[in-house]
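Read through the structure below, which is laid out as structure tokens, and then see the notes.
The values are calculated or read from the model by the stated rules, or taken from the named source; none is laboratory data. On a predicted model such as this, the values are computed, not experimentally measured, just so you know. As a convention, Cβ positions derive from the backbone with ideal geometry for all residues, glycine included, and neighbour counts pool all protein chains shown.
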């Protein structure tokens, strides 16, 4: 079957086309940003994915979005992530770190200071802090002379990721966080070299890609985008122009892959796939988890090389095996998705005791 066939490119070689999408789980130590000791087991259980993309990790304390989210800044954090990557590699897997700056999607109760953003535009709605939902706050507009420091935060975190043993990094340019806030016209109202025209709005994300590629090599760098996705109060009325120009700029790099979130609002895959000659990972965003058949259809239609599955991996650590065997899929309750509780984290069993061994032994 298509999803279970190997995929090979210049940058990545995968035994199957089933990727584990990045998913916030909120199990890290909230004071130190160090991943929980069980995090190594959690990812190792899922090492039969063709590629694992880690939960988002903050590149600076100012970029932290919520409680229990890990960082990749301190030596203690690097050491904990090294245990994770070693566990995944021991099981034959590959894992990229998703580097994340939340921008305005944060709160002083989360990271001790006012969130920063391209412009002082408050996000509509409420945000979760330590144990409750609170009103969002107006972010502070980044000064032009500060932006280079944020670019360097991404580059330094990328170097830390390689030191921790990750196979590469995925830059989180989706879901209404800082990189997308610079791209979107409702969150970027600047009139300096980082705002106004489409070319100026592209400048910060492209500087991040350039700096990270210079730090660790372009073959270890990927980017996740979500064109037209209204999550976190983003409005992108001109997304087709913005992202077609972004991809035109990115084509001068041989990125490991481009990770595209496709939403019912935008249907971006059909528009962007012809514009991207490189590796493309597709992630469908909808109320129901992506099915095996939907994933197969994306590959058969040429819209994706690899398909990322999120929620199904929570309760099905051996998801590619279950696809291969036509086995039933377990379900996880939403109340175990996030938070410090440890049930619903590493306690979902494989379909059969030897099923993970079966899948890993079948790797190409």
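Scanning segment 246-283 for residues that are touching a helix residue (DSSP H, G or I) at 6+ places or on another chain (Cβ under 9 Å), surrounded by fewer than 21 Cβ atoms within 10 Å (Cβ to Cβ) and outside any helix (DSSP H, G or I) returns 251, 253, 254, 263, 276, 278, 280.
If you go through segment 1-28 and pick out every residue that is in a strand (DSSP E or B) and either more than 21 Å from residue 54 (Cβ to Cβ) or within 17 Å of the chain's Cα centre (by Cα) (or both), you end up with 4.
Can residue 209 be described as part of a helix (DSSP H, G or I), modelled with pLDDT of 95 or more and either surrounded by fewer than 20 Cβ atoms within 10 Å (Cβ to Cβ) or in contact with a strand residue (DSSP E or B) (Cβ under 7 Å, 6 or more places away or on another chain) (or both)? When the stated conditions are applied, residue 209 passes them. Restricting attention to segment 293-304, which residues are surrounded by fewer than 22 Cβ atoms within 10 Å (Cβ to Cβ) and in contact (Cβ under 8 Å) with a residue 40 or more places away in the chain? Matches in segment 293-304: 296, 299, 300. Considering segment 29-52, and only residues there that are outside any loop (DSSP other than H, G, I, E, B) and in contact with a strand residue (DSSP E or B) (Cβ under 7 Å, 6 or more places away or on another chain), the residue that is farthest from residue 349 (Cα to Cα) turns out to be 51.
Among the strands (runs of 3 or more DSSP E) confined to segment 72-168, the ones with at least 2 residues that are touching a strand residue (DSSP E or B) at 6+ places or on another chain (Cβ under 8 Å) and buried (at least 24 other Cβ atoms within 10 Å of the Cβ) are located at 95-100. Total residues in segment 305-314 satisfying the condition of being surrounded by 18 or more Cβ atoms within 10 Å (Cβ to Cβ) and in a helix (DSSP H, G or I): the figure is 3.
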